[in-house]
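> Take a look at the following structure, please.
The values are calculated or read from the model by the stated rules, or taken from the named source; none is laboratory data. No experiment lies behind these values; they were computed from the predicted model shown. Cβ placement follows ideal geometry from the backbone for every residue including glycine, while neighbour counts extend to all protein chains displayed.
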Amino acid sequence: MRTYRVRSGLRARFLETFRAKTVPAHEAIGMKVIGPFLAVDDPDVFFWMRVFPDPGAREEMKSQFYEGALWKEDLEKNLFPLLDRYDVVLVEDTAGTLGGRS
């Protein structure tokens with residue numbers, strides 16, 4: 001579960017690129033993206049999850065994304081500066097409702 005707080009007023013701008021580039025890149029690698037979910041009481045916060053087919057695939061898929069050209073040449077320098085902070089909590093889908101594990 002990923003919680004992102006963007007710099008004030010930039011959530012819509014961040015999410016435009018997130019939906020257009022980040023989500024398709026994750027899905028092309030085989031990760032499923034759940035969300036984003038917007039915080040109702042804070043216009044600068046949103047939540048999302050990425051789901052991996054199994055725990056063993058997690059590190060390899062993350063490496064493919066973060067070592068890829070999209071991250072290194074675009075997203076890291078264009079999206080990362082829009083973030084105020086982010087938190088990541090590794091969770092397990094024990095009910096099997098997400099079609100994989102996160």
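> Can you work out which of the residues in region 45-55 that are touching a Gly at 6+ places or on another chain (Cβ under 8 Å) and surrounded by 15 or more Cβ atoms within 10 Å (Cβ to Cβ) is nearest to residue 11 (Cα to Cα)?
Residues of region 45-55 that are touching a Gly at 6+ places or on another chain (Cβ under 8 Å), as a first pass: 46-49, 51-54.
Within this subset, residues satisfying the condition of being surrounded by 15 or more Cβ atoms within 10 Å (Cβ to Cβ) are 46-49, 51-52.
On the way: 46: 8, 47: 11, 48: 13, 49: 17, 51: 22, 52: 25 Å.
Of everything passing the filter in region 45-55, 46 is nearest to residue 11 (Cα to Cα).
> Do any residues in region 14-38 that are more than 18 Å from residue 3 (Cα to Cα) have Cβ atoms under 8 Å from those of residues that are small (Gly, Ala, Ser), where the two are at least six apart or on different chains, and which pairs are they?
25/68; 30/57
> Let me ask something else. Of these, 58, 85, which one is basic (Lys, Arg) and either farther than 18 Å from residue 12 by Cα or part of a helix (DSSP H, G or I) (or both)?
On the way: 85 fails: either farther than 18 Å from residue 12 by Cα or part of a helix (DSSP H, G or I) (or both).
Exactly one residue qualifies, and that residue is 58.
> Give me the pairs: first residue in region 1-12 and in contact (Cβ under 8 Å) with a residue 24 or more places away in the chain, second residue surrounded by 15 or more Cβ atoms within 10 Å (Cβ to Cβ) and of a type in the set (Ser, Thr, Tyr), beta-carbon distance under 8 Å, and six or more apart or on different chains, which are they?
What qualifies is 1/102.
> So, residue 75, is that one in contact with a Lys or Arg (Cβ under 8 Å, 6 or more places away or on another chain) and either within 11 Å of residue 4 (Cβ to Cβ) or surrounded by fewer than 16 Cβ atoms within 10 Å (Cβ to Cβ) (or both) or not? If you could, list the steps in order and put the result at the bottom.
Details: in contact with a Lys or Arg (Cβ under 8 Å, 6 or more places away or on another chain): yes; either within 11 Å of residue 4 (Cβ to Cβ) or surrounded by fewer than 16 Cβ atoms within 10 Å (Cβ to Cβ) (or both): no.
So residue 75 fails the test.
> Residues to consider are 46, 37; find the one that is touching a Pro at 6+ places or on another chain (Cβ under 7 Å) and not in a helix (DSSP H, G or I). So that I can check it myself, show each step before the final result.
On the way: 37 fails: touching a Pro at 6+ places or on another chain (Cβ under 7 Å).
Testing whether each residue is touching a Pro at 6+ places or on another chain (Cβ under 7 Å) and not in a helix (DSSP H, G or I) leaves just 46.
> Between 90, 98, which is surrounded by fewer than 13 Cβ atoms within 10 Å (Cβ to Cβ), assigned to a loop (DSSP other than H, G, I, E, B), out of contact with any Leu (no Cβ under 9 Å at 6 or more places or on another chain) and modelled with pLDDT under 95? Working first, answer last.
Values: 98 fails: surrounded by fewer than 13 Cβ atoms within 10 Å (Cβ to Cβ).
Among 90, 98, only 90 is surrounded by fewer than 13 Cβ atoms within 10 Å (Cβ to Cβ), assigned to a loop (DSSP other than H, G, I, E, B), out of contact with any Leu (no Cβ under 9 Å at 6 or more places or on another chain) and modelled with pLDDT under 95.
> If you don't mind, there's one more thing I want to ask. Just wondering, is there one or more residues in region 83-98 that are in contact with a helix residue (DSSP H, G or I) (Cβ under 7 Å, 6 or more places away or on another chain) and free of Cβ contacts under 8 Å to residues at least 60 places away in the same chain? Walk me through how you get there before you give the answer.
Initial filter on region 83-98 (in contact with a helix residue (DSSP H, G or I) (Cβ under 7 Å, 6 or more places away or on another chain)): none.
No: region 83-98 contains no residue that is in contact with a helix residue (DSSP H, G or I) (Cβ under 7 Å, 6 or more places away or on another chain) and free of Cβ contacts under 8 Å to residues at least 60 places away in the same chain.
> Please identify the pairs in which a residue from region 65-79 that is farther than 12 Å from residue 21 by Cβ and among the polar types (S, T, N, Q) has its Cβ atom under 7 Å from the Cβ atom of a residue that is surrounded by 15 or more Cβ atoms within 10 Å (Cβ to Cβ) and at pLDDT below 95, counting only partners at least 6 apart or on another chain.
Nothing qualifies.
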